[in-house]
1. I'd like the residue in the stretch 143-158 that is outside any strand (DSSP E or B) and free of Cβ contacts under 8 Å to residues at least 60 places away in the same chain and, out of all such residues, is farthest from residue 250 (Cα to Cα).
2. Given the criterion more than 24 Å from the chain's Cα centre (by Cα) and either in a strand (DSSP E or B) or within 23 Å of residue 18 (Cβ to Cβ) (or both), identify the matching residue among 204, 222.
3. Residue 245 fails exactly one of the following numbered conditions: (1) exposed (fewer than 12 other Cβ atoms within 10 Å of the Cβ); (2) at pLDDT 95 or above. What is the number of that condition?
4. Pull out all pairs, ordered by first then second residue, where Cβ-Cβ is under 7 Å, the residues are six or more apart or on different chains, the first lies in the stretch 340-355 and is over 12 Å from residue 327 (Cβ atoms), and the second is surrounded by fewer than 16 Cβ atoms within 10 Å (Cβ to Cβ) and modelled with pLDDT of 95 or more.
5. From the list 48, 29, which one is more than 21 Å from residue 107 (Cα to Cα) and assigned to a helix (DSSP H, G or I)?
6. Are there any pairs with C-beta distances below 6 angstrom linking a residue in the stretch 232-258 that is closer than 22 Å to residue 204 by Cα to a residue that is at pLDDT 90 or above and loosely packed, with under 13 Cβ neighbours inside 10 Å, with the two at least 6 apart or on different chains, and if so which?
7. Could you count how many residues in the stretch 55-86 are under 15 Å from residue 45 (Cβ atoms) and either at pLDDT below 95 or not in a strand (DSSP E or B) (or both)?
8. Tell me, yes or no, whether the stretch 70-83 has at least one residue that is touching a residue at least 60 places away in the same chain (Cβ under 8 Å) and touching a strand residue (DSSP E or B) at 6+ places or on another chain (Cβ under 6 Å).
């Protein structure tokens, strides 16, 4: 383990006096390397706290740019940095926060071709992603490489934290993500934060917990959340800790096509759709045959609006009588995800003439009317 210089002894003095942590624990952090997948809502607090704690080498997998919609929760960035690469900004700010650490920015989308190569040099991995293909990919790569994985997930007011594939006292690896979720949910069943919303402070809470678990695993202090899932509802501040075990009924042999794996989770046939341009090109004489249905939330109408019947997705089943069955219903939302869910609901309720406006109002702005505000 690397020794600490005088400046580091001063910087980490509050760690050094912690019972069970001390100089030994701090040296372990300095000698450790952590890969953080995603530098967004979860990644922001994770990265800041790992850098402040003195983790010697922090890798960042991030290819996205800062967007105005990120700033409500992604505390690494500010308004003047919109449009700039998140990974580059994150690396700069971490090294400014703690010049004693090293950062590596992986400016790429993690996939089955590069995941093993990128993850291999690091001691542990922290998942700050927001989609199922990446979660399964990171989990499987960590299992194949015998790397502990710190898991976190957020949605609306609820967050989850766990530690997967960590070494236990008997020298074996603990349960992994597939022991909890062997298969992904059907496509569209779980909305993203962009579609379902997220309380701005929630990723700060969950990301801090992920950083805490990473420090525990790296230093050997405390009891990591191996075989346990911590769940918090910040609206009520109710918490639960669920226990789970390894299933032992499958074996991960290699990385697969995770986009296909997650998108094939539903056996339901694909329903018909239409692009904004194609809908806009429908002749005026045929337009009365169609009825636009906006399944977004009311506040979104103030940002951008292309008309139609307005029924939020969560009210749809209760307000079916408001929909004209004689028309072809063209469902739309911000990006096309909620409207795809709405189309499936209507199809199951007997509405056969429906179309999903793919790309939603954001694609409408790019294909039809640039004056429409996107968000």
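The values are calculated or read from the model by the stated rules, or taken from the named source; none is laboratory data. Owing to the predicted nature of the structure, the values given are computational and were not obtained by experimental measurement. Ideal geometry is used to build each Cβ from the backbone, glycine not excepted, and the neighbour counts take in all protein chains shown.
1. Quick first cut of the stretch 143-158, residues outside any strand (DSSP E or B) only: 143-148, 157.
Among the residues that remain, those that are also free of Cβ contacts under 8 Å to residues at least 60 places away in the same chain are: 145-147.
On the way: 145: 17, 146: 16, 147: 18 Å.
Once the filter is applied, the top-ranked residue is 147.
2. Answer to the selection: 222.
3. (2)
4. 349/320
5. Exactly one of 48, 29 is more than 21 Å from residue 107 (Cα to Cα) and assigned to a helix (DSSP H, G or I), namely 29.
6. 232/239
7. Within the stretch 55-86, residues that are under 15 Å from residue 45 (Cβ atoms) and either at pLDDT below 95 or not in a strand (DSSP E or B) (or both) number 11.
8. Looking through the stretch 70-83, none of the residues is touching a residue at least 60 places away in the same chain (Cβ under 8 Å) and touching a strand residue (DSSP E or B) at 6+ places or on another chain (Cβ under 6 Å).
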